[in-house]
Structures are given as structure tokens and as C-alpha cells.
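Inspection log for the structure reproduced underneath, given as C-alpha cells.
The values are calculated or read from the model by the stated rules, or taken from the named source; none is laboratory data. These numbers come from a predicted model, not from an experiment. Here the Cβ positions follow ideal geometry from the backbone for every residue, glycine too, while neighbour counts run over all protein chains shown. Calculation scope for accessible area: heavy atoms of the full protein, side chains included, ligands and nucleic acids excluded. Shrake-Rupley method; radii C 1.70, N 1.55, O 1.52, S 1.80 Å.
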Amino acid sequence: MTTATTNDTPAAAHILIVEDEPRMAALLADYLQASGYTSQWIANGLEAVPSVKARQPDLVLLDVMLPGQDGMSVCRELRQFSEVPVIMLTARVEEADRLMGLEIGADDYICKTPFSPREVVARVKALLRRSGYAAREVSPLQIDAQAYKAAWQGAPLDLTPVEFRLLKALADARGRVLSRDKLLDFVHADQRAVTDRVVDSHVKNLRRKLDAASGGQELIRSIYGVGYRLDLP
Ligand code: CA
């Protein structure tokens, strides 16, 4: 399986981008999205603190030179009420060195010249892991791939191994539709004499259990003629 595992990269991590250069911000947002993160972009430093309070992001990418309020001042202010992981984006290497010497409470620094969005994503991942993001996963659906166990808002789901594999595949797909054919791979890894009908039947049982656990929310959608999709609130 080539999809990222749920344990490794929690699907729901939300990143606040505070950056006044629209092209830079768009590039960051694209790369973060491709890595399974959601993001929000603001360009004015004055909006940063209210934004963190309102949305409680899992991590902040914070440019130093900003209109309204500079990044260092924003970071100091954030630290008065929040331990949200902060990565500062700086324009020059010398500035990065200077930032290292200041106690503004940032967790990491990245130089924008030369700019590597890949490096930013790698640092985001590393910092989320360091700060124990996985343990603070806010998704109502918890999946423990090692133990083959899943829970909805802390209440264990009583799933068969096949149902567990289907649920994990749907969760890893993060809202994308998976075809019956694709889901078939997760039904019987070693036995090919199964049909689409078998997938439907397992998904039906899985859906019934999820519906019961979530109080009737229709989390698994059937996309006619295509397959299934998991929609998490
Ligand atoms: Ca700037």
C-alpha cells in the first residue's frame, strides 16, 4: 500500500500560514494540501493572534516581515497564551541566525532563500511529530493500525478484520472515492475469488456499525457506479 498511514500523518492537522507574499503562501498551501494538511492563509500580522485564538491551528508558519505586526512580535504574543508549534519563515540566512539568538518562543526556523516547499513540509511533519500532535488528534475516528482497532470518539468499534481494513483504506483516502475494485484488494489479500458484491456486503456492515456509533451520521457515502467515500465531520 502506498498511501500514508493514519498513524504517521494525522489527516486533520490544520496549518495557519501567515505570509504577505501571495505566491509564496499559495505554494505553501499547495504543498501542505498535497501532504494531507489543511491550511488557512492570512497576510496581515495583526490577524495572526485572533486567528490562532479562533481556529486553534495545529501549527503556524510565520513570516518575519509582515505588514501590521511583525512575526517576532506575533510569536511573543502567541506564547503568552498558546504552545502551538511555530516555524518562522525568514528572508535571509543572517536573519535566521539572529532569530536563533532571540528568545521569541519559535520552535523552528526556515530560510526562504533558496525556498524549498518540500523542506517546509518535512519540517512541519517533524515538528508535529515532536510536539506530540498524533496524541492530540482531534478526528472523531481513531485508527490503530498496529492493534487492528478503531474507535469513534473513544468508543471502540467492533469490526471484523475485513471491515477494519476497509475502514482504514477509506480513512487513508481522506475523502477521495475508492472504487469497488480498489476496495477488493483490502477484502481478501490472498484470495481473488471475490466479487464486487462481497465488497458491498462488507461495506454495508461497516456502515451500519459506524452509523450506530456516530448517532446516525452517514459517514460512508456510496458513489453510484464508482465506489465508496468516507466523510468525516
Ligand atoms: Ca514578508
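Could you grab me the full set of residues in segment 197-233 that are out of contact with any helix residue (DSSP H, G or I) (no Cβ under 9 Å at 6 or more places or on another chain), of a type in the set (A, V, I, L, M) and in contact (Cβ under 8 Å) with a residue 24 or more places away in the chain? Residues satisfying the conditions are A213, I223.
Of all the numbered requirements in (1) surrounded by 17 or more Cβ atoms within 10 Å (Cβ to Cβ); (2) touching a Leu at 6+ places or on another chain (Cβ under 6 Å), Q40 misses one, and that requirement is (1). Within segment 103-116, take every residue that is exposed (fewer than 12 other Cβ atoms within 10 Å of the Cβ) and of a type outside the set (S, T, Y) and give me the one that is farthest from the ligand (Cβ to nearest atom). That would be E103. When the residues of segment 59-82 are filtered to those that are open to solvent by less than 10 Å² (accessible area, probe 1.4 Å), within 23 Å of the chain's Cα centre (by Cα) and without any contact (Cβ under 8 Å) to a residue 60 or more places away in the chain, which remaining residue is farthest from the ligand (Cβ to nearest atom)? Out of the qualifying residues, it is L78. Any residue at all in segment 144-160 that is out of contact with any Leu (no Cβ under 8 Å at 6 or more places or on another chain) and open to solvent by less than 20 Å² (accessible area, probe 1.4 Å)? So far as segment 144-160 goes, no, none of its residues is out of contact with any Leu (no Cβ under 8 Å at 6 or more places or on another chain) and open to solvent by less than 20 Å² (accessible area, probe 1.4 Å). With respect to the conditions (1) surrounded by fewer than 16 Cβ atoms within 10 Å (Cβ to Cβ); (2) at negative phi; (3) out of contact with any Lys or Arg (no Cβ under 7 Å at 6 or more places or on another chain), P140 falls short on a single one, namely (1).
Of all residues in segment 43-58, exactly one satisfies the criterion of being within 13 Å of the chain's Cα centre (by Cα) and either open to solvent by 90 Å² or more (accessible area, probe 1.4 Å) or free of Cβ contacts under 8 Å to residues at least 60 places away in the same chain (or both), namely P57. Can L61 be described as at pLDDT 95 or above and within 15 Å of D107 (Cα to Cα)? For L61, the condition - at pLDDT 95 or above and within 15 Å of D107 (Cα to Cα) - is met.
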